[in-house]
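Please read the structure below before turning to the comments.
Just so it is clear, none of the values below were taken in a lab; they were calculated from the coordinates. Since the structure is predicted, the reported quantities are computational estimates derived from the model, not experimental observations. Every residue, glycine as well, gets a Cβ built from its backbone with ideal geometry; the counts of neighbours run over all protein chains shown.
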Amino acid sequence: MSDRAMDSDVANFISELSARAEERGYHLNPDATVTIPIAEGILKNIERYGYPLCPCRLTGGSREKDLDIICPCDYRDEDIEEYGACYCGLYVSMRVLEGKMKVESIPERRQIKEVNAKFEERKKKSIRIWRCRVCGYLCARTSPPETCPICGVTKDRFEPFEVM
């Protein structure tokens, strides 16, 4: 747990994050020893920088340089899919939530600028458009979301969407 008792600002922030996450098919880590310090760090970063910078990463010095690590970061979905949680551990998969998977160390996906260009090019090639067969929701990702943020169905209800 955090060094100090969770104050009302942190509790309210966690409650808002959790409600927003659940509405969109995501889940906050139920472990308060993980969630509280991350929420405190995000709130500190909002005060410092004016935006919810992931507290597990260093700022590039401007919002423009930090766009990929503003919570929720660009790497969240891939991390959750592959490792069961995002890099900082704030968001977890249903498998983790249900105790079917344990969160282990999650490698950093963020690359230095020179390597990042190659990474982004490779990432563009692997991204597909996925369509929810129930409500028609479209998303461009490497794999469909765990839960449709519109109608709530599971990922097996998605199909690749081909533009004709």
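Per residue, the chain reaches -11500 deg cm²/dmol at 222 nm when only DSSP H runs of four or more residues are counted, each adding -39500 (n - 2.57). Relative contact order of segment 1-110: 22 percent, from C-alpha pairs under 8 Å at least 6 residues apart in sequence. In this rough spin-label picture, where each label sits 7 Å from Cα along the Cβ direction, the Val153-Asp74 distance is 3.1 nm. Inter-label distance, Thr142 to Ala32: 3.5 nm, where each label sits 7 Å from its Cα along the C-beta direction.
When peptides 72-83, 142-153 are sorted by average Cβ neighbour count within 10 Å, with the highest value leading, the order is 72-83, 142-153. Note on Arg48 and Lys65: their simple-model spin labels are 1.3 nm apart, each label 7 Å out from Cα toward Cβ.
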